[in-house]
Structure formats: C-alpha cells, structure tokens
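The values are calculated or read from the model by the stated rules, or taken from the named source; none is laboratory data. These numbers come from a predicted model, not from an experiment. Positions of Cβ are generated from backbone atoms using ideal geometry, with glycine treated the same way; all protein chains shown enter the neighbour counts.
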Amino acid sequence: MNALLTELAALVGPAHVLTDGDLSAWTHDWRKRVQGKPLAVVRPATTQEVARVVQVCAAYRSAQPDRRISIVAQGGNTGLVVGSTPDESGQQIVLSLQRMNAVRALDAANLTVTADAGCILQTVQERCHAEGFLFPLSLAAEGSCTLGGNLASNAGGTQVVRWGNARELCLGLEVVTAQGEIWNGLSGLRKDNTGYDLRHLFIGSEGTLGIITAATMKVAPLPAAQLTAWAAVPSMDAAVQLLGLAHRHLGAGLTGFEVMGQFALSLVAKHFQTLRVPLWQEAPFCVLLENSDHESEAHARARFEALLEAALEDGCVSDAVVAENLAQTQTLWQVRESIPLAQAEEGLNIKHDISVPISRIPAFVQATDAQLGSAIPGVRLVNFGHLGDGNLHYNVQAPEGTDPAQFLREREPEVNHIVFDSVVAHGGSISAEHGIGSLKVDHLVHYKSLVALSLMRAIKRALDPLNLMNPGRVLAP
C-alpha cells in the first residue's frame with residue numbers, strides 16, 4: 001500500500017494525498033448514516049491527473065487482485081443514497097474532484113456552458129446569469145453539490161417540469177474510463193448521429209463505469225420575468241387537476257410545480273418559526289408554482305391570474321397568493337426547501353425518492369397512506385416533491401413519542417417493502433432522482449426486470465472488467 005500511495009503522491013503532489021487527520025468531509029455521507037474508512041483521499045487538479053491516478057490504481061489491482069483496490073469518485077458528497085462515500089475496508093481511494101472547479105467556456109451562440117466536474121452547481125448558475133443566460137438545473141444542495149455529481153446521479157430538482165433532468169441538459173462529456181483513457185466528447189452538438197450515444201451510459205451511472213471530469217450543458221436566455229404563486233388545494237386529485245390547468249394556461253412558461261403535504265409544512269412552521277408558511281392549516285396540500293415569461297412581468301402576471309381564476313372556479317384551488325416581489329418569492333421557495341431540514345429537526349426518518357405516472361399519484365398516495373397507517377398506527381407521512389414530473393419525496397416519520405432511532409432500526413425494512421411494492425403496483429420507480437448507491441442496491445434486484453439487470457451487468461463487465469469503479473454501488477456484487 002505504501003508503494004501505491006507514494007506513486008499517487010508523485011502524481012498529484014503529497015499535499016493532495018490525504019491519509020490522516022479529519023477526513024470526515026469525504027468519509028461521512030450527507031445524511032450521516034454511514035462513515036467509511038478510505039485508504040486515502042486523492043485530489044487531482046486536471047483530467048490528465050485523474051487519468052494517471054486511474055491507470056496506477058488499475059495496474060496495482062491487476063498485479064495484486066487480493067488487495068481489491070478500488071476508486072470512489074466524489075464531488076460535493078451531497079448524495080442521499082450512500083453512493084459516493086468509501087466503505088469500511090480501508091482499500092478504497094476517494095478520488096475527489098473538488099480542485100477541478102472551473103467554468104471552462106460559455107458559448108453564447110451555441111447556448112452552451114462547459115465546466116469541470118468539480119464546479120459547484122451554484123457557480124455555474126451564477127456565471128451563466130452574469131452573462132444573461134439561465135442554467136436551469138436547480139436543487140436544494142446547489143450551493144455545495146457539483147456538476148459531475150449531478151450528472152453521475154442524473155439529478156432532477158425543481159425545474160424538471162420544463163427543462164428535464166441533468167441528462168436532458170447535457171450535450172457532451174469528458175470522461176476518464178476505467179482503464180485510465182480520456183474520452184473527449186465535449187462537442188456541444190445537438191445532432192451527432194454517429195453510433196452509440198456514449199454520454200448516456202455515464203450519466204446516472206454513479207461513478208461505476210468511469211469518472212466524469214467535465215461536461216457541456218445547455219443554457220437558455222434569461223426570462224423577462226419569473227413569478228411564483230402558492231395555492232391551497234383540497235386533495236392530491238385537485239393538485240393534479242391544477243397541474244393540467246397550468247400546462248394549458250402557461251405552456252412552456254410553467255417551470256416549477258411543487259406539492260407539499262400539510263404535515264410536511266407543519267414541521268417547517270414548528271422548527272423554523274421565523275418563516276411564514278402560507279395557507280398550510282387550510283388544506284391537506286399546498287402547491288408552489290413558478291411561471292417564467294419571455295415577454296414581460298405584466299404578461300406573466302396576467303397569465304398567472306387567469307390560471308388561478310380558472311382553478312378557483314373549477315374548485316381545484318381553495319385559496320392562493322401570488323408573490324409581489326423578489327423577497328416574497330424567495331420566502332416561498334425557502335419554505336419549500338426547508339422541509340427536509342425541518343424533518344431532520346423532528347428526528348431520524350425513512351426517506352423515499354419515488355416516481356409514479358402523474359395520473360396515478362393520487363391513487364398511490366391514498367393506497368400507501370392507508371397501508372402504512374394500518375401497519376404502524378400513528379405513523380406520520382412527510383409527503384412533498386416535484387409533482388410536475390411525477391417525483392415525490394414520500395418520507396416516513398415515527399409516531400409521536402416513539403424513539404426515532406429505534407423506529408428506523410426496527411421498521412425500515414417493513415416500511416420500504418410497503419412503499420416500494422405500492423410504487424411498482426402503480427407503475428412507478430423506486431428511485432426518481434437520488435440514484436441507487438449502496439442504500440438501495442439490495443432493493444433493485446427485486447424491483448428491476450431481470451433482462452434490465454442482465455444488460456446493466458454486461459455493460460459494467462465490458463467497461464470496467466476489473467470492477468475498479470465504485471464497486472457494490474448500483475449493482476450488487
């Protein structure tokens with residue numbers, strides 16, 4: 001091992017091969033559920049250094065297969081499925097891309113931005129905004145997550161209803177393969193019909209096939225106006241009805257559509273008392289809508305008001321408010337983004353990141369709520385998420401007065417079984433935007449088709465025959 005570490009230090013500099021001291025930023029997962037033990041944290045500064053690190057580790061693994069050296073690529077370490085932290089073997093290299101953090105270029109004519117994989121998402125957003133463009137990928141962790149991690153997990157967020165997941169925004173990648181070769185696919189072309197589209201293999205692969213080192217992404221001109229509204233709705237069926245009206249009235253202007261259950265909002269009101277949570281006591285669900293308009297604020301407001309008037313007449317909205325200024329808009333979004341933080345304040349919980357066809361979400365919620373309530377009297381359900389694209393964060397909180405840690409230990413398998421079976425029964429997926437990581441790897445074999453799993457394993461063997469890249473994640477050993 002010392003020989004390997006010495007060689008890695010020669011490649012990236014001794015200061016960037018970390019083996020002792022406080023390594024918790026790299027070894028603890030975001031939710032503090034696990035703590036790994038790496039052989040070292042290696043911090044390359046260039047794509048060429050990443051390639052050399054991979055080559056050295058691959059050679060070492062080939063020469064000493066019993067040591068089972070492997071690589072865990074890591075960006076901001078904000079994942080929620082324990083997919084980017086090392087295991088406890090002490091034989092994994094955490095390859096941190098945080099030093100590779102530059103925005104390389106913004107091509108105004110091509111409407112693209114190219115950035116290093118370690119670039120913080122918010123940095124990409126701000127660079128684009130400063131030059132009059134919108135980079136629409138937006139999620140709660142944008143101040144610390146990285147572009148490479150977003151692509152490795154195919155992140156979604158609040159703008160998917162209009163712009164799609166990270167996959168839909170990506171036009172090209174630069175990747176270091178499991179053999180340490182560099183594939184430069186950063187062309188930024190929207191049309192390139194020259195065989196297999198390799199970028200789609202690496203997007204969403206969670207670092208199990210290769211290491212994304214840079215990406216070329218789509219941008220768009222900044223809208224002339226963005227308005228936000230908050231509506232109370234009498235049921236999940238009504239929320240789906242409101243979504244249909246929003247599509248008809250706003251068209252492509254609908255850039256956000258979030259649903260939040262009453263209990264989820266009550267936690268925000270309880271734990272963040274300085275935030276004013278609108279209308280939450282008046283209805284079982286509230287909806288946050290965003291309208292982006294390329295004409296004017298007056299035009300945007302008129303369309304929004306027409307939508308809400310129609311919704312009130314149809315009965316799918318009982319009350320609504322439209323933000324009058326930027327401060328009010330930011331407050332409404334802060335309430336939405338504070339739900340996970342408020343839930344954490346309430347205690348440990350069981351998280352689910354699931355997707356269901358929008359038309360079947362009301363039936364899913366009704367059926368699953370009933371099953372969990374029957375199995376665990378007093379269970380509390382924190383239901384919120386991106387209804388506009390069919391993605392719910394359907395989280396389960398222990399009954400009042402129950403020890404949260406004990407509840408997690410004793411009931412998580414049962415809860416997961418109920419929720420995942422219901423998701424599949426309603427035509428959905430057990431992971432919408434967080435990925436599989438190691439947290440859901442044992443579930444995937446029960447909820448993914450055998451044909452799909454066979455194809456995935458064939459791809460893994462072909463691209464990473466040494467099983468060097470993030471082993472035990474996505475696919476079970």
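Give me the pairs, please: first residue somewhere in region 386-403 and outside the structural domain of A264 (by TED's automatic domain parsing), second residue anywhere and hydroxyl-bearing (S, T, Y), beta-carbon distance under 6 Å, and either six or more positions apart or on two chains.
G390/S355; N391/S355
Looking at A342, A327, which is the one that is under 22 Å from R31 (Cα atoms), of a type in the set (A, V, I, L, M, F, W, C) and assigned to a helix (DSSP H, G or I)?
Working: A327 fails: under 22 Å from R31 (Cα atoms).
Testing whether each residue is under 22 Å from R31 (Cα atoms), of a type in the set (A, V, I, L, M, F, W, C) and assigned to a helix (DSSP H, G or I) leaves just A342.
Every residue in region 2-40 that is crowded, with 16+ Cβ neighbours inside 10 Å, aliphatic (A, V, I, L, M), in contact (Cβ under 8 Å) with a residue 24 or more places away in the chain and outside any loop (DSSP other than H, G, I, E, B), please.
Correct list: L4, L5, L8, L11, V12, V17, L18, A40.
Which residues, counting only those in region 41-52, are surrounded by 20 or more Cβ atoms within 10 Å (Cβ to Cβ) and in contact with a helix residue (DSSP H, G or I) (Cβ under 6 Å, 6 or more places away or on another chain)?
V41, V42, R43, P44, E49
Quick one: is V317 part of a loop (DSSP other than H, G, I, E, B) and touching a residue at least 24 places away in the same chain (Cβ under 8 Å)?
Working: part of a loop (DSSP other than H, G, I, E, B): yes; touching a residue at least 24 places away in the same chain (Cβ under 8 Å): yes.
Answer is yes for this residue.
Kindly indicate the residue of region 298-314 that is of a type in the set (D, E, K, R) and without any contact (Cβ under 8 Å) to a residue 40 or more places away in the chain and also surrounded by the fewest Cβ atoms within 10 Å (Cβ to Cβ) among those meeting that condition. Talk me through it step by step, then tell me what you get.
At the first step, the residues of region 298-314 found to be of a type in the set (D, E, K, R) are 301, 303, 305, 309, 313-314.
Going one step further and asking which of them are without any contact (Cβ under 8 Å) to a residue 40 or more places away in the chain, we end up with 305, 309, 313.
Working: E305: 15, E309: 13, E313: 9.
Going through the qualifying residues, I end up with E313.
Can you tell me which of (1) closer than 22 Å to Q330 by Cβ; (2) over 23 Å from the mean Cα position of the chain (by Cα) is the one M236 doesn't meet?
(1)
Go through region 383-406 residue by residue and tally those that are aromatic (F, W, Y) and either surrounded by fewer than 21 Cβ atoms within 10 Å (Cβ to Cβ) or at pLDDT below 95 (or both).
Applying the first criterion (aromatic (F, W, Y)) to region 383-406 yields 384, 394.
So of that shortlist, the ones also either surrounded by fewer than 21 Cβ atoms within 10 Å (Cβ to Cβ) or at pLDDT below 95 (or both) come out as none.
Qualifying residue count for the region: 0.
State whether the residues of region 51-64 include one that is among the basic types (K, R) and part of a strand (DSSP E or B). Let's see the steps before the verdict.
Restricting attention to region 51-64, the residues satisfying the condition of being among the basic types (K, R) are 52, 61.
Okay, now just the ones that are also part of a strand (DSSP E or B), so none.
No, because not a single residue in region 51-64 is among the basic types (K, R) and part of a strand (DSSP E or B).
Looking at region 341-393, which of its residues are in contact with a Lys or Arg (Cβ under 8 Å, 6 or more places away or on another chain) and among the hydrophobic types (A, V, I, L, M, F, W, C)?
A342, I350, I376, F384
If you go through region 176-185 one residue at a time, do you hit one that is assigned to a strand (DSSP E or B), out of contact with any Leu (no Cβ under 8 Å at 6 or more places or on another chain), in the same structural domain as S70 (by TED's automatic domain parsing) and crowded, with 22+ Cβ neighbours inside 10 Å? Working first, answer last.
To start, the set of residues in region 176-185 that are assigned to a strand (DSSP E or B) comprises 176-177, 182-185.
Remaining after also requiring out of contact with any Leu (no Cβ under 8 Å at 6 or more places or on another chain): 176, 182, 184.
Pick out the ones that are also in the same structural domain as S70 (by TED's automatic domain parsing) and you get 176, 182, 184.
Of the ones still in play, those that are also crowded, with 22+ Cβ neighbours inside 10 Å are 176.
Yes, because at least one residue in region 176-185 is assigned to a strand (DSSP E or B), out of contact with any Leu (no Cβ under 8 Å at 6 or more places or on another chain), in the same structural domain as S70 (by TED's automatic domain parsing) and crowded, with 22+ Cβ neighbours inside 10 Å.
Pairs please, first residue from region 195-208 and assigned by TED's automatic domain parsing to the domain that holds S153 and without any contact (Cβ under 8 Å) to a residue 60 or more places away in the chain, second anywhere and buried (at least 23 other Cβ atoms within 10 Å of the Cβ) and small (G, A, S), Cβ atoms under 8 Å, 6+ apart in sequence or on different chains.
Every condition considered, the pairs that remain are F202/A152; F202/G210; I203/A152; I203/A166.
For the subset of region 317-361 comprising residues that are in the same structural domain as E412 (by TED's automatic domain parsing) and basic (K, R), which member is modelled with the lowest pLDDT?
K351
Look at region 111-125 and say how many of its residues are part of a strand (DSSP E or B) and of a type outside the set (A, V, I, L, M).
First pass over region 111-125, keeping only residues part of a strand (DSSP E or B): 112-116, 120.
Still in the running and of a type outside the set (A, V, I, L, M): 112, 114, 116.
Total meeting the criteria: 3.
Just one of A232, A264, A269 is part of a helix (DSSP H, G or I) and surrounded by 19 or more Cβ atoms within 10 Å (Cβ to Cβ); which is it? Show your work before the answer.
Values: A232 fails: part of a helix (DSSP H, G or I); A269 fails: surrounded by 19 or more Cβ atoms within 10 Å (Cβ to Cβ).
From the options A232, A264, A269, the qualifying one is A264.
Identify, by number, the condition in (1) crowded, with 20+ Cβ neighbours inside 10 Å; (2) small (G, A, S); (3) farther than 17 Å from L250 by Cβ; (4) touching a Leu at 6+ places or on another chain (Cβ under 9 Å) that G373 doesn't meet.
(1)
Yes/no per residue for (1) assigned by TED's automatic domain parsing to the domain that holds A155; (2) of a type in the set (A, V, I, L, M, F, W, C); (3) surrounded by 15 or more Cβ atoms within 10 Å (Cβ to Cβ):
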{"site": "H434", "(1), (2), (3)": "no, no, yes"}
{"site": "S438", "(1), (2), (3)": "no, no, yes"}
{"site": "V441", "(1), (2), (3)": "no, yes, yes"}
{"site": "L453", "(1), (2), (3)": "yes, yes, no"}
{"site": "L463", "(1), (2), (3)": "yes, yes, yes"}
{"site": "L466", "(1), (2), (3)": "yes, yes, yes"}
